[in-house]
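Only the coordinates and a few stated rules stand behind these numbers; no lab work does. Remember, predicted model here, so these are calculated numbers, not experimental data. When we count neighbours, we look across all protein chains shown, and the Cβ atoms used for this are built from the backbone with ideal geometry, even at glycine.
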Amino acid sequence: MNARRSFFILTCLAFGFAFLYLPILSMVVFSFNASKLVTVWDAANSPTLKWYRALLGNEEILDAAWISLKVGVINACGAVILGTLAGFGLARFRRFRGRFTLNAMTTAPLVMPEVITGLSLLLLFVALEQTIGWPAGRGLTTMTIAHMTFSMAYVTVVVQSRLATFDISLEEAAMDLGARPVKVFFVITLPIVFPAILAGWLLAFTLSWDDLVISSFTSGPGSSTLPMVVFSKVRLGVSPEINVLATITILAVTVMIVGASLWMARAEKARTGPPAA
């Protein structure tokens, strides 16, 4: 019975991973296809790197990728700062006036449809421009603020969840030994919760890099992000350069995730020390 159960679990696991990753693997393979038709493999001239060279010469895609990178990095840094402060306040201060409102406002973007969020932010930016003259039109600034609005909610949840299991006695012991609250935060609290902060940064960056709906509402002329450019091209037919772009993105994300995982594992090992003999 146990052998049958193990075989069934392994079979379901294999089908699940195949369903998730075989399409991605096929896209990576077809990025080396010499044919302009992404569904037809040119066996005579493939594999080839000509579409990689073509992508490096495509200024439209490169400019859009640079815009997405700038917005994503600034958004992730801002979302981490705001989300960490919000998560710290919600986790440490159980009772204060406005806690329910703060909790509702920080978690609302998690369940709010992106169409509603994008439209409401667009109306807000238009009203601010008409009232105080800022922001002057839509562009990188409005997109960054919009991305930060929904990204900080995810950071707040991640940081709050980590602080909920934090052993406060470590901070109390440090303060009993004479450390001031600021030093305790930077020496004790921050290193322990830093993996959660790093995870929140990566999550905020990924959400910003991948966003299409909110960016479409809050962008302006000359500020098209990479998802917007890819979406406009896909409507006319998938180009082999899109496969190349997706392959490079997958490679970059994989390197980031593996690097962050190795760093966090090494930091955890250094913090806990070697196992007892």
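Kindly check whether there is at least one residue in the range 223-242 that is assigned to a helix (DSSP H, G or I), touching a residue at least 24 places away in the same chain (Cβ under 8 Å) and either hydroxyl-bearing (Ser, Thr, Tyr) or surrounded by fewer than 12 Cβ atoms within 10 Å (Cβ to Cβ) (or both).
No, the range 223-242 contains no residue that is assigned to a helix (DSSP H, G or I), touching a residue at least 24 places away in the same chain (Cβ under 8 Å) and either hydroxyl-bearing (Ser, Thr, Tyr) or surrounded by fewer than 12 Cβ atoms within 10 Å (Cβ to Cβ) (or both).
Quick one: is VAL157 surrounded by 13 or more Cβ atoms within 10 Å (Cβ to Cβ) and either touching a residue at least 60 places away in the same chain (Cβ under 8 Å) or under 30 Å from VAL29 (Cα atoms) (or both)?
Numbers: surrounded by 13 or more Cβ atoms within 10 Å (Cβ to Cβ): yes; either touching a residue at least 60 places away in the same chain (Cβ under 8 Å) or under 30 Å from VAL29 (Cα atoms) (or both): yes.
Considered against the rule, which asks whether it is surrounded by 13 or more Cβ atoms within 10 Å (Cβ to Cβ) and either touching a residue at least 60 places away in the same chain (Cβ under 8 Å) or under 30 Å from VAL29 (Cα atoms) (or both), VAL157 comes out as yes.
From SER232, SER223, SER208, SER216, which residue is in contact with a His (Cβ under 7 Å, 6 or more places away or on another chain), more than 23 Å from TYR21 (Cβ to Cβ) and among the hydroxyl-bearing types (Ser, Thr, Tyr)? Don't jump to the end; show me each part of the working.
Details: SER232 fails: in contact with a His (Cβ under 7 Å, 6 or more places away or on another chain); SER223 fails: in contact with a His (Cβ under 7 Å, 6 or more places away or on another chain); SER216 fails: in contact with a His (Cβ under 7 Å, 6 or more places away or on another chain).
Going through SER232, SER223, SER208, SER216 in turn, the sole match is SER208.
Mind listing whichever residues of the range 105-146 are loosely packed, with under 12 Cβ neighbours inside 10 Å, part of a helix (DSSP H, G or I) and under 18 Å from the mean Cα position of the chain (by Cα)?
Residues satisfying the conditions are LEU110, VAL111.
Does ARG5 satisfy being assigned to a loop (DSSP other than H, G, I, E, B) and at negative phi?
Criteria not met by ARG5.
May I ask you to list pairs of residues, at least six apart or on different chains, whose Cβ atoms are under 7 Å apart, with the first in the range 26-42 being on the phi > 0 side of the Ramachandran plot and the second being among the polar types (S, T, N, Q)?
From the range 26-42, no pairs qualify.
Looking only at the range 177-192, which residues are surrounded by 17 or more Cβ atoms within 10 Å (Cβ to Cβ) and in contact (Cβ under 8 Å) with a residue 40 or more places away in the chain?
Taking the range 177-192 as the starting set, the residues that turn out to be surrounded by 17 or more Cβ atoms within 10 Å (Cβ to Cβ) are 184, 188-189, 192.
Once the filter is applied, which keeps residues that are surrounded by 17 or more Cβ atoms within 10 Å (Cβ to Cβ) and in contact (Cβ under 8 Å) with a residue 40 or more places away in the chain, the range 177-192 yields only ILE192.
Quick check: is even one residue across the range 212-220 without any contact (Cβ under 8 Å) to a residue 24 or more places away in the chain and under 30 Å from ASN33 (Cα atoms)?
For the range 212-220, residues without any contact (Cβ under 8 Å) to a residue 24 or more places away in the chain and under 30 Å from ASN33 (Cα atoms): present.
Determine if the range 46-53 includes at least one residue that is under 28 Å from the mean Cα position of the chain (by Cα) and not in a helix (DSSP H, G or I).
no
If a residue has to be closer than 18 Å to GLU241 by Cα and not aromatic (Phe, Trp, Tyr) to count, how many in the range 49-85 make the cut?
16
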